[in-house]
Amino acid sequence: MRILLVDDDDRFADALTVALRRQGFEVCRAATGAAALAAPPADLVLLDLGLPDLDGIEVCRRLRTGGDVAIIAVTARGEERDRVLGLRSGADDYLVKPFGIAELAARIDAVIRRVRPAARPVVVAAGGLRVDTARHQVTAADGSPVALTRKEFELLAALARQPGLVVTRERLLIEVWNGVWPGARRTLDVHIATLRAKLGDPALIRTVHGVGYRLAVEDDPPPRAAAPAAGKAASDP
């Protein structure tokens, strides 16, 4: 996926470019609003609102008028009125500096998924489980449908898009709930427990302690049962 990074801060732009390329993105950089408007088409624009030549809000409006590119405003302007103005000018999301690359990557993925849902293929995951992200359907190995709430489906889809790979708690919370708040970890854990029960096989969703969760793949070895400590139940799969 090609990202256009629009920011006049060389140090910030260089560091972010390196981080994004490590995440597998192709990155092109523009240091001014005029350069951004003249740049080749991109899948997503990371747009600083404090540019030296044109106001970032105006650049956002022009980019939105010129096509259906996804736009995330990336700026130090954190006031509510600035966020509202940025979103009303056409930005799909608004991220205040400083931020972590994991949060940015999660927001990029979420924005692209909202803007271009057709680009996300059907995902076939472990144990014959089929997750159809386009039709919002989950089918068990025996062909029977699995009824999930919207949040449960979004959580499963976030895991299914990276089968076998660990998805951090932070990324899941941002993708499914659009943020992290006090008590968020408990909310995530409860939804994971409910999802495991509805899928009928708790081992499909593996806990990576201290990091997050991952969806098991076909060649995964069966989870080893941890010996419970005296008076305690065994841990999650």
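The values are calculated or read from the model by the stated rules, or taken from the named source; none is laboratory data. Source: prediction; values computed, not measured. In this analysis, Cβ positions are derived from the backbone assuming ideal geometry, glycine residues included, and neighbour counts consider all displayed protein chains.
Quick notes on this structure:
- Subset of segment 58-104 (residues that are farther than 23 Å from PHE25 by Cα and surrounded by 20 or more Cβ atoms within 10 Å (Cβ to Cβ)): GLY86, SER89
- Extreme residue, modelled with the highest pLDDT, among residues of segment 65-76 that are outside any strand (DSSP E or B) and under 18 Å from THR32 (Cβ atoms): VAL69
- Residue-level check: of (1) under 30 Å from LEU20 (Cα atoms); (2) modelled with pLDDT under 85; (3) aliphatic (A, V, I, L, M), LEU129 misses just (1).
- Condition check for LEU155: surrounded by 20 or more Cβ atoms within 10 Å (Cβ to Cβ), within 20 Å of the chain's Cα centre (by Cα), farther than 17 Å from VAL217 by Cβ and modelled with pLDDT under 90: no
- Hey, ASP43 buried (at least 19 other Cβ atoms within 10 Å of the Cβ) and within 20 Å of the chain's Cα centre (by Cα) or not: no
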